[in-house]
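The values are calculated or read from the model by the stated rules, or taken from the named source; none is laboratory data. Source: prediction; values computed, not measured. Note that each Cβ is placed from the backbone with ideal geometry, even for glycine, and that neighbours are counted across all protein chains shown. Just so you know, the surface numbers come from the protein's heavy atoms only, side chains and all, with ligands and any DNA or RNA stripped out. Shrake-Rupley method; radii C 1.70, N 1.55, O 1.52, S 1.80 Å.
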Amino acid sequence: MKKLLLLTFLFTSFVCVAQQKIAVIDWQKTIGGNKSDRLNCIQPTMDGGYIFGGSSNSDNLGVKTDTCRGGLDYWIVKINSMGDIEWQKTYGGNKEDKLSCLQQTSDGGYILGGISQSDISGEKTENTKGFSYFDYWIIKINSTGVIEWQKTIGGNNNDNLTCLQQTTDDGFILGGYSMSRISGDKTEDSHSPTYSFVDFWIVKINSTGAIEWQKVIGGDNDDGLYAIQQTLDGGYILGGTSNSRISFEKTESSRGVNDYWVVKINSIGNIEWQKTIGGNGTDAIQDIKQTKDGGYILAGISSSDISGDKTDSIRGNSGFEDYWIIKINSLGNIEWQKVYGGSNSDFLKSINLTIDGGYILGGKSSSPISGEKSENFRGQSDYWILKVNSLGIIEWQKTIGGRDDEYLSNIIQTSDGNYLASGYSWSNISGEKTENNNSIYEDFWIVKLNEIYANKISGKIFQSQNSNCSQEINEYGTTSVIIIAEPYNFFGISDSTGKYTILTDTGTYQLKPIYPQILKPFLQQTVCPTSGYHTVSFSQYGQDTSEINFANYEKQCPFLQLELAQGRMRRCFDNNATIKYCNIGNVDTTNVQVIIQLPEYITFVSASNPNYIISGKKITFNIGNLRANECGTINLVTNVDCI
């Protein structure tokens, strides 16, 4: 008699394609105080350093040198090219102030943009325009952080600034979304009949913050603006999310729950064209950039399957989002699109053009190795960075994180041709994280990446029939085995013939196989190498090693597996269940039985397999012979007692 085990496993395999470059960490910085610090934006500066900022409610503890003003405050930090702090500033009032975006200005100073709920207090010199609601709050500072001027811009409800840019006339374009009616600084009414939905709200100001013009753009439902950029013709491209129908400025109906909504306006805010792009789920733009050919690259998230404008399916289960980038021409027509994701949630936040004509993408991921994801997650979610070429084909990717949560806000290319990733982290030292946080809360986390020509390790994984390490004609490759190069956790995956490739940095590595659960019962011993691992060293870049092979002797045996599919059970009714039994081993077996033990409150009614014996609440099905890789099913009907 054979006893059956219940094994549940999920393993997604894919072929690892060799790439010529990889990204390695150059340096990283954890910056924070004693409470919550969230980095939302970063920009390179004229001196080769960086300016970054976000929201903080920390006091002058950790690396924070100023006290909290009220709730959250603007907190900006200037660092040099190696990540060392040069100066920092806190700006805020007596309530919540959240920094969304910043940019170095043509005079060497900086423009800061976000939202404020504060009245006159702290650094805030104007009251809010709506009682306890958020307004746009713009601050112009000089090169050392001293305030030159500031403006509070808003109406009688919530106004959320998400993006800004200095314009060619030395003024500024502000973008966000608004729920306000005509009031305060707002000169156009909300499109929502109940004033419960948001519209795009674009405000053009001059070099001293005076409003020159403004536009409300939206439909009859929620329309949120998340990205704005001045275009080569002096107009602006707007990227946001909409679930409005054809109404007001919206000229195309929604495709699903939310769609990408791209609007091109001229230099004074008049619409030139617009495009609604989406599928049957939730699609939300997070970033948009004009490309060298006059078109645009759109970046965001999608949970849509193939439908509407979406030509590729979701990678994970329904409800999990993937990265979705779309290249459109100068009139908004789609040229190509790409989906990148794994089996869990992948949230694309930032995209930028690279000097080689490609793109750098950054966001967060909680996916394991699956889909396009080639590295496992480190904790709950990690930074996930992809370098793609001009057609969206992946050149390399990098997963960076610790044991807890990481959220990437921005990825930029640096002046040396490398990359800087920024966001915030809850992790202490673990994974790629080399510094502890300053508190139990999240801190700013900045990671400098260098793009290098990789060293390559390649070999084969096969099932040995003898004791040598050479693959012979009757020894077949083993697919879907992960090879890890420790201690820096570079990965490869064996293909359908057992071949694998790993791209690494310089250094010394131990290579070990990680076998999927289904293979473990059959592995009696590792023939080659007898230690279970190979050691490989590289002293410089661009080196290759091959024939780093792993051979295992496969034990010949049956292996029985049982799966139960059972819906929600109802009292006083018959309920259906399906039992699937398999021999996933490599040898036939005999005298197989499936034994079901029912609880006291469940009564057996019938079964599709008549070869059973009932003893009380125990039902024994006599299956008999079961060949290797053979499966069968039993449809079972039971009744749940009414009491």
Scanning segment 67-89 residue by residue, the ones that are open to solvent by 50 Å² or more (accessible area, probe 1.4 Å) and either among the charged types (D, E, K, R) or within 12 Å of Y424 (Cβ to Cβ) (or both) total 4
Every pair of residues 6+ apart whose Cβ atoms lie under 6 Å, when the first sits in segment 23-50 and is farther than 25 Å from I111 by Cα and assigned to a strand (DSSP E or B) while the second is at pLDDT below 95 and basic (K, R): none
Take segment 560-588 and flag every residue that is open to solvent by less than 70 Å² (accessible area, probe 1.4 Å), touching a residue at least 60 places away in the same chain (Cβ under 8 Å) and under 12 Å from C631 (Cα atoms). L560, Q561, L562, Y581, I584, G585
Only one of (1) within 20 Å of F197 (Cα to Cα); (2) of a type outside the set (A, V, I, L, M); (3) surrounded by 17 or more Cβ atoms within 10 Å (Cβ to Cβ) fails for R181. Which number is that? (3)
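Yes/no matrix, rows are residues, columns are (1) closer than 27 Å to L99 by Cα; (2) within 15 Å of the chain's Cα centre (by Cα); (3) surrounded by 19 or more Cβ atoms within 10 Å (Cβ to Cβ); (4) among the β-branched types (V, I, T):
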site: W384; (1), (2), (3), (4): yes, yes, yes, no
site: Y407; (1), (2), (3), (4): yes, yes, yes, no
site: N418; (1), (2), (3), (4): yes, no, no, no
site: W426; (1), (2), (3), (4): yes, no, yes, no
site: S439; (1), (2), (3), (4): yes, no, no, no
Unique residue being under 15 Å from the mean Cα position of the chain (by Cα) and hydrophobic (A, V, I, L, M, F, W, C) when the list is I285, I326, I306, I297: I285
G130: farther than 12 Å from V203 by Cβ, touching a residue at least 24 places away in the same chain (Cβ under 8 Å) and open to solvent by less than 30 Å² (accessible area, probe 1.4 Å), yes or no? yes
Residues that are open to solvent by less than 10 Å² (accessible area, probe 1.4 Å), at pLDDT 95 or above, aliphatic (A, V, I, L, M) and within 23 Å of K78 (Cβ to Cβ): does segment 186-205 have at least one? no
Of the listed residues (G256, G279), the one being at pLDDT below 95 and either within 22 Å of the chain's Cα centre (by Cα) or surrounded by 24 or more Cβ atoms within 10 Å (Cβ to Cβ) (or both) is G256
If a residue counts only when it is within 19 Å of S350 (Cα to Cα) and among the small types (G, A, S), which strands (runs of 3 or more DSSP E) contained entirely in segment 271-339 have at least 3 such residues? 296-302
Any idea which residue in segment 337-348 is surrounded by the fewest Cβ atoms within 10 Å (Cβ to Cβ), counting only those that are of a type in the set (G, A, S) and within 11 Å of the chain's Cα centre (by Cα)? S345
For the subset of segment 394-405 comprising residues that are open to solvent by less than 10 Å² (accessible area, probe 1.4 Å) and in a loop (DSSP other than H, G, I, E, B), which member is nearest to F347 (Cα to Cα)? G401
Does segment 133-157 hold any residues that are closer than 27 Å to G240 by Cβ, of a type outside the set (S, T, Y) and open to solvent by 60 Å² or more (accessible area, probe 1.4 Å), and which are they? K151, N156
Considering each of L348, L408, L361, L391 in turn, give the residue that is outside any strand (DSSP E or B), under 25 Å from Y296 (Cα atoms) and modelled with pLDDT of 95 or more. L391
Would you check which residues across segment 589-613 are hydroxyl-bearing (S, T, Y) and farther than 15 Å from E630 by Cβ and list them? Y601, T603, S606, S608, Y612
I'm told I400 meets every condition in (1) at pLDDT below 95; (2) under 17 Å from the mean Cα position of the chain (by Cα); (3) of a type outside the set (D, E) except one. Can you identify the failing condition by its number? (1)
Would you check if there is a residue in segment 475-485 being of a type in the set (F, W, Y) and over 26 Å from K21 (Cβ atoms)? yes
Within segment 460-508, tally of residues that are over 15 Å from F550 (Cα atoms), open to solvent by 20 Å² or more (accessible area, probe 1.4 Å) and of a type in the set (V, I, T): 3
Which one is nearest to the chain's Cα centre (by Cα), of the residues in segment 235-253 that are more than 15 Å from I301 (Cβ to Cβ), free of Cβ contacts under 8 Å to residues at least 60 places away in the same chain and not in a loop (DSSP other than H, G, I, E, B)? I237
Select, from C101, C41, C16, the only residue that is surrounded by 16 or more Cβ atoms within 10 Å (Cβ to Cβ), on the phi < 0 side of the Ramachandran plot and at pLDDT below 95. C16
Long-range neighbours under 8 Å by Cβ, at least six apart or interchain, first residue open to solvent by 50 Å² or more (accessible area, probe 1.4 Å) within segment 539-557, second assigned to a loop (DSSP other than H, G, I, E, B) and modelled with pLDDT under 80: Y553/Q465; Q556/N586
Identify, from the list I369, I351, I334, the residue that is aliphatic (A, V, I, L, M) and surrounded by fewer than 18 Cβ atoms within 10 Å (Cβ to Cβ). I334
Out of the residues in segment 80-126 that are assigned to a strand (DSSP E or B) and among the small types (G, A, S), state the one that is nearest to C41 (Cα to Cα). S100
So, of the residues in segment 431-451 that are modelled with pLDDT of 95 or more, out of contact with any Asp or Glu (no Cβ under 7 Å at 6 or more places or on another chain) and outside any loop (DSSP other than H, G, I, E, B), which turns out to be nearest to G32 (Cα to Cα)? I446
When you go through I268, I297, I285 one by one, which is the residue that is open to solvent by less than 10 Å² (accessible area, probe 1.4 Å), more than 22 Å from S318 (Cβ to Cβ) and not hydroxyl-bearing (S, T, Y)? I297
How many residues are open to solvent by 30 Å² or more (accessible area, probe 1.4 Å), under 24 Å from T291 (Cα atoms) and not small (G, A, S) when one looks only at segment 310-331? 4
